[in-house]
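One structure below.
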Amino acid sequence: RRLSKFDKTGKFITSRSGENDLIVAPAGIKMIRNNLYVCDAGRVQVFDQNFNLTDSIGVKLGAGVADITSSPDGYLYVAETEPPTVHVFTVRHTYLHSIQHEDLCCPSGVCFDAYQQLLYVCDSVAGCVFVFRHDGECVMKTTIEGGRSNQMSATTGISLDKDGYLYVCDAGNNRVIVL
C-alpha cells in the first residue's frame, strides 16, 4: 500500500503511503501524459509526478481493476476482471464504451500498438491474448504453446516495445513470452 519513486539508477527518491485508504490494493500502474495512473480496488487513481492525487476514475468500474493503457489519441483503456471487460475513457476521464468478447474471462493486462491502432489484452484465466481494433472488434485470439503447459497460464501483464515485439508475462509457466 505504498507508491515509491526511484531514479534511473535505482536510488530511492520519495514515496507515498496508503494513508486514509488513498491506496488500497494497487494492481496495474502506468505513466500517461506525465501523470501516474494506478489501478486500485475498483478505481483508477491519478497522481501527478509528486504523488499528489489529482483525480480518480470510478465510473463503470468494478472491484477487479487490473491494468490501464492509453492510445496516441488520448483514450484510456482499463482492464477489469469482473465482469471481464475493457472500459474506454476519454483523456478527461469520461466513460465512452466497453469492449467485451464471449471468450474473454479475466483481462489482466492491456497495451496499445500506436502504429497499427490495436489493443492487446492478455487473459489470465483463458490463457490467451486477444487483439482488438480501437472500436472494439476482436481481430485475433491467440494461445502460445510450449513450456510446462500446453498454453499460457495465469498471464499477468503485457507490453509492446518500440520495435513491435509483444511481451507477455506467463506466470503460470514461470516465463515471459516474446512474440
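Values in this text are rule-based calculations from the coordinates and carry no lab data. What you see is a predicted model, and the numbers here were worked out from it, not measured in a lab. For neighbour counting, all protein chains shown are included, and Cβ atoms are generated from backbone atoms with ideal geometry for every residue, glycine included.
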Can you give me the Rg/Rh ratio for the range 19-68, using Cα atoms for both radii and the Kirkwood formula for Rh?
0.93
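Rounded to the nearest 0.05, what FRET efficiency do Thr143 and Val176 give with R0 = 22 Å and r taken as the Cβ-Cβ distance? Could you check?
0.85
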Equivalent ellipsoid dimensions for the range 42-114 as semi-axes, Å, which come from the Cα gyration tensor, largest first
20, 14, 11
Could you tell me which of Ser124, Phe51, Ile29 has its Cα farthest along the dipole of the range 1-146 towards the positive end, charges placed at Cβ (Lys, Arg +1; Asp, Glu -1), taken about the Cα centre?
Phe51
Taking every alpha carbon pair in the range 44-179, what does the distance histogram look like in 10 angstrom bins from 0, in percent?
13, 43, 33, 10, 1
Would you grab the residues whose amide H sits under 5 Å from the one on Met152? Only those 5+ places off in sequence or on another chain, please, with H modelled 1.01 Å from N.
Ile144
I want to check the label-to-label distance for Ser98 and Lys8. Put each point 7 Å from Cα in the C-beta direction and report it in nm to one decimal.
4.2
Identify all lysines with a Cα-Cα distance to Lys60 below 26 Å; exclude those on the same chain that are fewer than 8 residues away in sequence.
Lys30, Lys141
Is there a quick way to get the dipole size of the chain? I mean about its Cα centre, with the Cβ of Lys and Arg at +1 and of Asp and Glu at -1; what is the value in debye to the nearest 20?
600
